[in-house]
Amino acid sequence: MKTALTYQNVSARYRQEDRPVIRGISLDIVPEERVALLGLNGSGKTTLLYSAVGLVPFDGVISVCDIPLSRATERQVRDSIGFLFGIPDDQILFPSVIDDVSFTLERRGVSRDEARQKVRPVMEMLGIENLASRSPHRLSHGQMQRVALAGALAANPPLLLLDEPSAALDPVGKEELAELLASLDAAMFIATHDIDFVRRVCNRFIVLANGVVAEDITDPERIARYWFDRKK
Ligand SMILES: Nc1ncnc2c1ncn2[C@@H]1O[C@H](COP(=O)(O)OP(=O)(O)OP(=O)(O)O)[C@@H](O)[C@H]1O
Ligand SMILES: [Mg+2]
């Protein structure tokens, strides 16, 4: 695999008559690279992530694990991605936590019993093993975010697209998630406002402003100072 995720001159709009929300984005994320996606509210972070799973129409080329995304490849592309929605409610489908997390594997052809076994370790790592039989819709926001994360990580995909993964987590949960993500081999593109959190996970910061890439920072010194410099 040459790249985990590539955007070539990508513009995306929600409706044909709208102005593009992201414009002329070109960037490569290589296998195992962990990249933060920063920018103000409305700058286009979620849209950029959505476009990679075919949820927003776009012009240009998006490739996932070297496969160009199209109608024909959409299914295959989605199977290489663990996706976390910013609003966990949007991706929780089943009446019990264990069924919800296992479904990621079941849709890839794993039997129900085997899937339930296989998701145990990731549920333990995210501290939700004791919630297995609960209804996801009756959990706290942070617990729900953990369930959605377990679903995204369960199949061990080569690319993780995570929209504000730490938003609802308590400080201990953030610390544990940062450690967990840093221990994985997957490439990651993490949209967030939580600079302290992503600094522990990512070694590259991409900053969007009004739908274009304003900065692409790999220098560890500049990453370390990122928020501090911003506030001056
Ligand atoms: N479903 C939609 N239909 C039309 N426009 C949308 C839709 N979702 C988002 N937009 C617009 O697209 C632009 C980018 O939104 P997006 O959600 O990608 O921003 P973001 O960087 O993720 O912001 P935040 O930090 O608030 O999550 C905004 O101007 C927003 O109003
Ligand atoms: Mg967003």
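What the table shows:
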read-out	value
Qualifying position, being within 25 Å of residue 106 (Cα to Cα), within 16 Å of ligand 2 (Cβ to nearest atom) and not hydroxyl-bearing (Ser, Thr, Tyr), among 66, 89	89
Among (1) more than 21 Å from residue 216 (Cα to Cα); (2) within 16 Å of ligand 2 (Cβ to nearest atom); (3) touching a Leu at 6+ places or on another chain (Cβ under 9 Å) - the single one residue 25 does not satisfy	(1)
Residue match in segment 133-141 (condition: among the basic types (Lys, Arg), under 29 Å from residue 1 (Cβ atoms) and in a helix (DSSP H, G or I))	no
Lone qualifier among 85, 94 - being of a type in the set (Phe, Trp, Tyr), within 20 Å of residue 163 (Cα to Cα) and surrounded by 12 or more Cβ atoms within 10 Å (Cβ to Cβ)	85
Residue, surrounded by the most Cβ atoms within 10 Å (Cβ to Cβ), within segment 3-13, restricted to residues that are within 16 Å of ligand 1 (Cβ to nearest atom) and more than 18 Å from residue 163 (Cα to Cα)	10
Matching residues, segment 69-86, being over 15 Å from the mean Cα position of the chain (by Cα) and either farther than 19 Å from residue 108 by Cβ or within 16 Å of ligand 1 (Cβ to nearest atom) (or both)	70, 71
Test: residue in segment 99-110 that is without any contact (Cβ under 8 Å) to a residue 40 or more places away in the chain, crowded, with 23+ Cβ neighbours inside 10 Å and on the phi < 0 side of the Ramachandran plot	no
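The numbers here are math on the coordinates, done by the rules we state, and not lab data. All values derive from a computational prediction rather than experimental measurement. A quick note on method: Cβ atoms are made from the backbone with ideal geometry, for glycine too, and the neighbour counts reach across all protein chains shown.
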